[in-house]
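What follows is calculated from the coordinates using simple rules that are stated; it is not laboratory data. Keep in mind the model is a prediction, meaning the values are calculated, not measured. For neighbour counting, all protein chains shown are included, and Cβ atoms are generated from backbone atoms with ideal geometry for every residue, glycine included.
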Amino acid sequence: MKQMLGLWRDTWWLWTAFLVMTIAFSCLLGSFFLLLLPCLPVPFIYFAFNRYDSDGKEKADLGS
C-alpha cells in the first residue's frame, strides 16, 4: 500500500491530468473515451509496485 502512496505523492499531477484529459475528450469527441477510466489503475499499480519499495520510497537501483 505504501508503494501506491509513494507513487501518488510523486505523480499526483500526472494522474489528475490524465483524468481531466479523458473527461474532456469524452465531452468533446464522444463517450468512448470514458472507457479509459477503468484502465488507469492498471498502470498506476504496475508502476507503484515496480518503482517503489515497501516503505513508499523510490527504489534506488532502477538504472542498473
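In nm, what is the difference between 0.36 nm times the number of residues separating LEU14 and PHE49 and their Cα-Cα distance? If you can, show how the numbers build up before the last one.
Working: separation 35, 0.36 × 35 = 12.60 nm, distance 1.74 nm.
So the chain would gain 10.9 nm between LEU14 and PHE49.
Give me the distance in nm between label points sitting 7 Å out from Cα along the Cα-to-Cβ direction at LYS59 and ILE23, one decimal.
3.3 nm
Could you compute the net charge surrounding LEU5? Neighbours are other residues with a C-beta less than 11 Å from the C-beta of LEU5; K and R count +1, D and E count -1. Walk me through the numbers before you get to the answer.
Values: positive: LYS2, ARG9, LYS57; negative: ASP10, ASP55.
Net local charge, LEU5 excluded: +1.
Please express the Cα-Cα pair-distance distribution P(r) of the chain as a list of whole percents, one per 10 Å bin, running from 0 to the bin with the greatest distance.
22, 41, 25, 12, 1
To test your reading of the geometry: what angle, between 0 and 90 degrees and rounded to tens, separates the Cα axis of helix 2-28 from the longest principal axis of the chain?
Helix 2-28 sits roughly 10 degrees off the main axis of the chain.
Once both axes come from the Cα atoms, what is the angle between helix 41-51 and the longest principal axis of the chain, in degrees from 0 to 90, rounded to 10?
Tilt relative to the chain: about 20 degrees.
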